[in-house]
Amino acid sequence: AAAPHDPDALLVKAELAVRRAWESPVRAEQLREVGPLITAAAESDPRDPVPWRLALDHARGTHATHTVFEALWEQAVRRSSHHYGCHVAALRYLSAAWYGSHRECFDFAERAAEDALPGSLVRALPLRAAFALLMEGPGARTTSVQEERIDAAADLAIELSASFTPGDPWPAEVRNLLAFVLVARGRWEEALEQFRRIGPLAASFPWSSVSEDPLGRFLEARDDTRLRVACAAPIPGRADRGGPGGHYA
């Protein structure tokens, strides 16, 4: 109220309007009405990439064409070529669930990760493409090539996670997503290491995608991972008792 033309105030106003519109049963109609708010936020600070992240989410919700999307994406990367939020918004538009395909999604994510600076969260973008593929639904089958891309995305995200200290809040969501993907792939020891690095920083995403109780789902996955790793560990003193001539107590 005190500074109605402040760029940050305009951005927060636009962000709230977009979020509320997404929750509406008439999403596309509501989103079209908030378009001028995004424009005002972008014009108030021409250097800020965040209004363009909102514009990309807006484009997805209003069924914008690829031509419109590409024009918005150009504006976003012109302001910040490695902005994580803009990359995530673009990846969602290109996902198979919206206006692209799994191949297009992976291609975009892998190119972005390759070009990203060391330590940038953009290097975890292929992990989001992997998650989108894994969330296809029960009975969905993946090809060997797709599985290789999922594992490569996880490997890259493990490398990124290792560059941050355990319990760091900045990569917490990426680590939660990484733990989810590693659990889905049955990579239990690596998943347990990510749960250790997450510490108390459980994020609602991605667990809210598979449960109405995201914290409960996180704790369940962590406990299950601990149990599987413990069951697979050799029992001290029994390592040589299963061979020829050996016996079990």
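The values are calculated or read from the model by the stated rules, or taken from the named source; none is laboratory data. Bear in mind the structure is a predicted one, so any value in this text is a computation, not a measurement. Please note: Cβ atoms are built from the backbone with ideal geometry, for glycine as well, and neighbour counts cover all protein chains shown.
Name the single residue that is nearest to Leu94 (Cα to Cα) among those in the stretch 37-60 being surrounded by 20 or more Cβ atoms within 10 Å (Cβ to Cβ), in contact (Cβ under 8 Å) with a residue 40 or more places away in the chain and not hydrophobic (A, V, I, L, M, F, W, C).
Among residues in the stretch 37-60 that are surrounded by 20 or more Cβ atoms within 10 Å (Cβ to Cβ), in contact (Cβ under 8 Å) with a residue 40 or more places away in the chain and not hydrophobic (A, V, I, L, M, F, W, C), the one nearest to Leu94 (Cα to Cα) is His58.
When you scan the stretch 169-189, how many residues do you find that are closer than 27 Å to Ala233 by Cβ and surrounded by fewer than 21 Cβ atoms within 10 Å (Cβ to Cβ)?
Pass one, the stretch 169-189, residues closer than 27 Å to Ala233 by Cβ: 175-189.
Within this subset, residues satisfying the condition of being surrounded by fewer than 21 Cβ atoms within 10 Å (Cβ to Cβ) are 183-189.
Summing the residues that are closer than 27 Å to Ala233 by Cβ and surrounded by fewer than 21 Cβ atoms within 10 Å (Cβ to Cβ) in the stretch 169-189 gives 7.
Cβ-Cβ under 7 Å, sequence separation 6+ or interchain: first residue in the stretch 207-219 and touching a residue at least 60 places away in the same chain (Cβ under 8 Å), partner aliphatic (A, V, I, L, M). Which pairs?
Pairs that qualify, where the first residue is touching a residue at least 60 places away in the same chain (Cβ under 8 Å) and the partner is aliphatic (A, V, I, L, M), are Ser209/Met135.
From (1) under 17 Å from the mean Cα position of the chain (by Cα); (2) part of a helix (DSSP H, G or I); (3) free of Cβ contacts under 8 Å to residues at least 60 places away in the same chain, pick out the condition that doesn't hold for Phe131.
In the conditions (1) under 17 Å from the mean Cα position of the chain (by Cα); (2) part of a helix (DSSP H, G or I); (3) free of Cβ contacts under 8 Å to residues at least 60 places away in the same chain, Phe131 misses (3) alone.
Restricting attention to the stretch 119-142, and to residues there that are modelled with pLDDT of 90 or more and not hydrophobic (A, V, I, L, M, F, W, C), which single residue is nearest to Thr165 (Cα to Cα)? Break it down into steps so the answer makes sense when it comes.
Our first condition is that a residue be modelled with pLDDT of 90 or more; within the stretch 119-142, this holds for 119-135.
Adding the requirement that they be not hydrophobic (A, V, I, L, M, F, W, C) leaves 119-120, 123, 126, 128.
On the way: Gly119: 12, Ser120: 14, Arg123: 17, Pro126: 22, Arg128: 22 Å.
Step by step, filter the stretch 119-142, then rank; the result is Gly119.
How many residues are of a type in the set (Gly, Ala, Ser), touching a Phe, Trp or Tyr at 6+ places or on another chain (Cβ under 7 Å) and over 23 Å from Glu173 (Cα atoms) when one looks only at the stretch 60-99?
Taking the stretch 60-99 as the starting set, the residues that turn out to be of a type in the set (Gly, Ala, Ser) are 61, 64, 71, 76, 80-81, 85, 89-90, 95-97.
Next, only the ones that are touching a Phe, Trp or Tyr at 6+ places or on another chain (Cβ under 7 Å) stay: 61, 76, 90.
Subset that is over 23 Å from Glu173 (Cα atoms): 61.
Adding up the residues that qualify gives 1.
In the stretch 136-157, how many residues are surrounded by 12 or more Cβ atoms within 10 Å (Cβ to Cβ) and either without any contact (Cβ under 8 Å) to a residue 12 or more places away in the chain or more than 20 Å from Ala172 (Cβ to Cβ) (or both)? Don't jump to the end; show me each part of the working.
Initial filter on the stretch 136-157 (surrounded by 12 or more Cβ atoms within 10 Å (Cβ to Cβ)): 136, 142, 146-147, 149-157.
If we keep only those that are either without any contact (Cβ under 8 Å) to a residue 12 or more places away in the chain or more than 20 Å from Ala172 (Cβ to Cβ) (or both) too, we end up with 136, 142, 146-147, 149-152, 155.
Of the residues in that region, 9 qualify.
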